[in-house]
Amino acid sequence: MMNPLSRRHFFQGASVALSATRVMGANDRINMGVIGLGGRGSSHVGTYLRIPEARITALCDVNQAALERNQAQVVKSSGSKAAEYADMRQLFADKNVDAVSMATPNHWHALGTIWACEAGKDVYCEKPASYNIHEAYRVVDVARKTKRMVQIGSQSRSTPHKIKAMQLLKDGVIGEVYMAKGLCFKRRRSIGKAPVEPVPPGVNWDLFLGPAPMRGFTKLRFAYNWHWFWDTGNGDIGNQGIHEMDVCRWAMGDIGLPKTISSTGGKFVYDDDQETPNTQMATFGYGAKEIMFEVRGLLTGPEGGQPVGTYPVGNLVYGSDGWMWVDGAGFQVYKGEKSEKIMDEKGERGGDGTRAHMSNFLAACRSRNYKDLTAEVEIGATSVILVHMANISYRVGRTLTWDPAKRLFAGDAEANKLITRDYRKPYVV
């Protein structure tokens, strides 16, 4: 089921990784290659250009127009051009690249990370850590064996007010925590419908699809809307929602995988090409504790003490003595039978933690200790497995029971088939 790399192939990759790493002095800048130059990738480029410890030496995208836009940004800021690649494998072979920053679509995250590790590159990979459960286990395995630093882009882990909130929970500010609920009430309008059409000039559609099945090009399967197709995305629970799912686990002491998983919902109201649900509820049972998660992309009311007219994206944490709301703006703590507000802390204005998160990654590239990473790959992989479990339960339409020893759903062949995918050669994890 897991299609593991052969022992010989793996250790060939590991030896390449160990020999390819440049020995950096304390004052050396880390040469970065940025892969995937859409909206989030362009943000990666802009952030690294503002971090003194980094230098962008390579750019990669299947879309020539995106390459040109970001190259212009690099030249304007640094005065020198970065190497350009359409195929990430060529970038991984570039000896002038120490580490890579990946902002590709979800279905490329794990394979790109694995290839990078085997080529001796450290990796900052956007969330989610993987497209499916099988890949989540593989990226952790490969990162450990190649001794690469792999940071997942769950920047909440480097955000000061969230770090403080989680420490307060650990210290018992609301007593014994028994439930965390993640909210992803991000307003999403209909994407409409789009016909198959010729691939635009300058776009390598084969490389864009990579591990996914070959499909005809449509505008909706490209650019941002790939999130809403099962071939390439994981819906909003795996897009915006993975941030909140990670905070749910963090709030409960980095709790592991659940015993039972149940998810329902649907793509309601809209008649369009989207495949993933715009409304989804998931429950994860841990025995004496529980995680809940809710996606609402349609019009909705407030929750968690937020004002009317807002669409909350954050976390509710419940304890024996009170509850907490935490989001990108700050956190509030309520205690007692009357929910008296005892704390109201604002976060850093305009900061989402990304720069601090990337700086943390660069520091670990020097220390060579993956435990220095605030969202190292095992943290990100565990959190995203919950996302995948929810989507599998939703797709098969029933409650599932997880067998941690076998890494399978107990007695459910249909669900287990969705743990991995039929990879399109040669893009096989």
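At least 2 residues being farther than 23 Å from Ala356 by Cα is the threshold, and among the strands (runs of 3 or more DSSP E) wholly inside segment 110-189 those reaching it are 177-184. Inspect segment 330-350 for any residue being of a type in the set (Gly, Ala, Ser) and part of a strand (DSSP E or B) and give the result as yes or no. The answer is yes, given that some residue of segment 330-350 is of a type in the set (Gly, Ala, Ser) and part of a strand (DSSP E or B). For the criterion of being surrounded by fewer than 22 Cβ atoms within 10 Å (Cβ to Cβ), over 22 Å from the mean Cα position of the chain (by Cα), at positive phi and assigned to a loop (DSSP other than H, G, I, E, B), Gly287 passes.
Scanning segment 366-388 for residues that are part of a helix (DSSP H, G or I) and farther than 26 Å from Asp236 by Cβ returns Arg366, Ser367, Tyr370, Lys371, Asp372.
The rows are residues; the columns are (1) of a type in the set (Gly, Ala, Ser); (2) without any contact (Cβ under 8 Å) to a residue 60 or more places away in the chain; (3) not assigned by TED's automatic domain parsing to the domain that holds Gly153.
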| residue | (1), (2), (3) |
| --- | --- |
| Gly336 | yes, yes, yes |
| Phe361 | no, no, no |
| Ala390 | yes, no, yes |
| Arg424 | no, no, yes |
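Close contacts from segment 189-210, counting a first residue that is free of Cβ contacts under 8 Å to residues at least 60 places away in the same chain and a second that is assigned to a loop (DSSP other than H, G, I, E, B) and of a type outside the set (A, V, I, L, M, F, W, C), with Cβ to Cβ under 6 Å and a gap of 6+ residues or different chains, come to Val196/Gly216; Val196/Thr218. Can you tell me which residue among Val177, Val199, Val173 is more than 23 Å from Ile255 (Cβ to Cβ) and β-branched (Val, Ile, Thr)? Going through Val177, Val199, Val173 in turn, the sole match is Val199. Is it true that Val317 is crowded, with 22+ Cβ neighbours inside 10 Å, at pLDDT 95 or above and touching a strand residue (DSSP E or B) at 6+ places or on another chain (Cβ under 6 Å)? Spelling it out, Val317 is indeed crowded, with 22+ Cβ neighbours inside 10 Å, at pLDDT 95 or above and touching a strand residue (DSSP E or B) at 6+ places or on another chain (Cβ under 6 Å).
Pull up segment 136-171, narrow it to residues that are under 15 Å from Gln332 (Cα atoms) and in contact (Cβ under 8 Å) with a residue 40 or more places away in the chain, then point me to the one that is surrounded by the most Cβ atoms within 10 Å (Cβ to Cβ). Across segment 136-171, the extreme among qualifying residues is Ala165. Considering only segment 263-270, I want to know if a residue exists there that is assigned to a loop (DSSP other than H, G, I, E, B) and either touching a residue at least 60 places away in the same chain (Cβ under 8 Å) or of a type in the set (A, V, I, L, M) (or both). There is at least one residue in segment 263-270 that is assigned to a loop (DSSP other than H, G, I, E, B) and either touching a residue at least 60 places away in the same chain (Cβ under 8 Å) or of a type in the set (A, V, I, L, M) (or both).
The values are calculated or read from the model by the stated rules, or taken from the named source; none is laboratory data. Keep in mind the model is a prediction, meaning the values are calculated, not measured. Note that we place each Cβ from the backbone using ideal geometry, even for glycine, and neighbour counts take in every protein chain shown.
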